[in-house]
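The values are calculated or read from the model by the stated rules, or taken from the named source; none is laboratory data. As the structure is a prediction and not an experimental result, all values here were calculated from the model. A quick note on method: Cβ atoms are made from the backbone with ideal geometry, for glycine too, and the neighbour counts reach across all protein chains shown. Quick note on the areas: whole protein, heavy atoms, side chains included, nothing else; ligands and nucleic acids left out. Shrake-Rupley method; radii C 1.70, N 1.55, O 1.52, S 1.80 Å.
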Amino acid sequence: MKFVIKIGTTLLTTPKGELDLNNLRQIIHQISQIIKKKHKVIIVTSGAVTSGAELMKTALDTIPKKQAAAAIGQLLLMNEYALFFKAHGIQIGQLLLTKDGLLEENRKNNALNTINTLLEYNYIPIINENDSVTTKEIQFGDNDELSSIVAVLCQTNHYIILSDIDGVYTDDPYQ
C-alpha cells in the first residue's frame, strides 16, 4: 500500500513559532511503524517558513522575507526529518515542487519518476512547496492542494492530512 501523509505547520511548530521537535519525533515514530509494515509513504510537509522565521528573528512582513525564511527553514526541517528517521533506520529524499510545475507534463513526469525511484530504493520522499521561488502559494495557501495533487499523481491508496483544521472546507475557514 502507498500513503501520502501531509503534515501541517501547526503540528510541527509550537505556539511561539518554534519547531516542535518532540511532536515531529513522535509523528516520525508513528510513520516509521507504517513503513516497517512494508508500506510506501510519501510525506508532504509544511513548516519551512515558520521554522526559518524563528532563526531570522524578524517579522515576516514582506514576500522576500517569507521566501528567505522558507530557504532557511527548509534546511532546518529536512535536517530534523533526516535525524529522526535515521533513528528508525530509514533514509529520506527531498523534492521541492510548485503546483504549476506539476501541471506541465514533462515536469510532472520527472517528479513522478523521482518519487517512484526513491520509493523503489526505500527512501521516503519528503515534498514541500518551493516557497523560495513562488509567491502565489506563500501568500494564499499551504501544502493541502499540493499534497492532493501528489496523492492523485502517485495513485496512492491512502491520503492522510495531519492538521488543526476540523474537516474539509471549500474556502478559508478563518475568513
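Numerical summary
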item: In order through region 103-120: 3J(HN,Hα) via Karplus (6.51 cos²θ - 1.76 cosθ + 1.60), integer Hz, x for Gly, Pro; result: 8, 7, 4, 5, 5, 4, 5, 4, 4, 4, 4, 5, 4, 5, 5, 4, 5, 4
item: Protein accessible area in the chain, 1.4 Å probe - carbon and sulfur %; result: 52
item: Gain upon complete extension [Leu21, Asp100; 0.36 nm per residue less C-alpha separation]; result: 25.3 nm
item: Computed magnitude of the charge dipole of the chain (debye, nearest 20; Cβ of K, R +1, Cβ of D, E -1); result: 780
item: Local net charge near Ile126, Cβ-Cβ under 14 Å (Lys/Arg +1, Asp/Glu -1); result: +1
item: Amide H contacts under 5 Å for Val44, placed H, 5+ residues apart; result: Ile5, Lys6, Ile7, Ile127
item: Whole-Hz ³J(HN,Hα) from phi, Karplus 6.51 cos²θ - 1.76 cosθ + 1.60, for region 14-23, glycine and proline x; result: 7, x, 7, x, 9, 5, 8, 5, 5, 5
item: Long-range lysine pairs (8 or more apart or interchain), region 1-85, Cα under 16 Å; result: 8
item: Stretch gain in nm, segment Leu76-Ile63, where the contour uses 0.36 nm per residue and the Cα spacing is subtracted; result: 2.7 nm
item: Under Karplus coefficients 6.51, -1.76 and 1.60, residue-wise ³J(HN,Hα) of region 68-77 in Hz, glycine/proline x; result: 5, 4, 4, 5, 6, x, 4, 4, 4, 4
item: Accessible area in square angstrom per residue, the chain, 1.4 angstrom probe; result: 55
item: Length gained when the stretch Glu145-His88 is fully extended (0.36 nm per residue, less Cα-Cα span); result: 17.6 nm
item: Computed [θ] at 222 nm, helices only, for the chain once each DSSP H run of length n ≥ 4 contributes -39500 (n - 2.57); result: -15000 deg cm²/dmol
item: The chain: antiparallel DSSP beta bridges as a percent of all, rounded to 5; result: 5
